[in-house]
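Here, each number is a calculation from the coordinates, and none is a lab measurement. Since the structure is predicted, the reported quantities are computational estimates derived from the model, not experimental observations. Cβ sites come from the backbone with ideal geometry, for glycine too, and all protein chains shown count toward neighbours.
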Amino acid sequence: MTEFPALKNLSARVGSDPLLVQAAGGNTSLKQNGVMWIKASGTWLRDAASRDIFVPVRHEALLAALARNDPACEACTDFVLADLNATGLRPSIETTVHALMPQRVVVHVHCVNTIAWAIRCDAEQRLAEKLRDFDWAFIPYARPGLPLAKAIAARLRPSTDVLVLGNHGLVVAAETVAEAQALLDRVVSVLVRPVRALVPPDLAALFLLCKGTDYAPAGNNETHALATDGLALDRGKDAVFYPDHVVFLGAGVATEIGSGAPLVAVPGKGVLIRENAKPAVEPMGRCLADVMRRIAADDHLIALDTEAIDRLVNWDAEKYRQGLNAGT
């Protein structure tokens, strides 16, 4: 599989860029000889070059099942080639999305700049201006997995190689890894949004606040910006704008240690992380800060509603992914 090493390297590259992928988010795939190799659920793309994180799936069988609306397409475990799956892991929760794309290589990222566009009420209209030179489609929000695959199928054209997923992220597809990387770089470059400057945390105040507790200050200033950038906290603390937020941080953002939340944004001071929090918590806190620092005070945003949040929290595939990330 001559493209596989290249896919692993690209996966590790995007997985190491917090503006593209956070924690176990995002996924990549390669279709070859009837098999689609897809990132395993709960694994981190940044590890792709050093760990076996891909699961082999029977591509044609999965497409046929999708065509007949088979419930087995929700988890996709029935389509895994067990004799080639040395890890025994499940395929990504977005395996059906990759299967639908006709191109051999598919890259899905939670690009911060893309999300900052995709949570706007006028996202499709504004993105049409930015992406006029691409063969692209906007997909209104649907829960990851089978609902998202159905939403994509309704708008997908054979030539489409760029998808912007409302309240979610970005997908690019190509016939080679090199072409996918080039396309990703091009799309990301035209979707860059202005970002407010970092305001440093008040570390002395944070250490005093967490003394005698099981909290400690976050590790980087980008995460602290969730609390030190007043507009970021104001726009982001009471709403959920994309799936991985609620999966790893819960609904909204806590502002007091007494809440017991894994992440606490102390207004004007900085962010505290509970010592036993999952490894994904700080990266997801930084993601929210990075997105909100690209949102203006007068931007009209669309948040996930209570029903959408409940479907994510109680979805078996997400519970499985969270379980894998408990000690990553």
## Note on the structure
Magnitude of the Cβ-charge dipole (Lys and Arg +1, Asp and Glu -1) of the chain about the Cα centre, nearest 20 debye, reported as 220
### Whichever aspartates and glutamates have a C-alpha closer than 18 Å to that of LYS130, once near sequence neighbours (fewer than 8 apart) are set aside
ASP122, ASP161, ASP185, ASP299
### Query
Taking +1 at the Cβ of each Lys and Arg and -1 at the Cβ of each Asp and Glu, which of LEU62, VAL109, LEU30 sits farthest along the dipole of the stretch 4-190 towards its positive end, judged by Cα position relative to the Cα centre?
VAL109
### Query
Which longest run of the chain has no exposed loop site in it, a site being trypsin sites (Lys or Arg not before Pro) in a DSSP loop with at most 15 other beta carbons within 10 Å, and the site itself not part of the run?
212-328
#### Entry: Charge dipole (the stretch 192-310, unit charges on Cβ, about Cα centre) - positive-most of LEU208, ILE295, ASN276
LEU208
### Nearby lysines by direct alpha-carbon distance to LYS278 (threshold 28 angstrom, same-chain neighbours under 8 apart not counted)
LYS8, LYS39, LYS211, LYS237, LYS269, LYS319
### Task
Please work out the Kirkwood hydrodynamic radius for the stretch 238-294, using every pair of different C-alpha atoms, and report it in angstroms with one decimal place.
11.4
### Task
Treat the count of other C-beta atoms within 10 Å as a stand-in for reagent exposure and order GLU124, GLU60, GLU307, GLU282 from fewest to most.
GLU307, GLU60, GLU124, GLU282
#### Entry: Compactness index (Cα Rg / 2.2 N^0.38 Å), the stretch 4-190
0.95
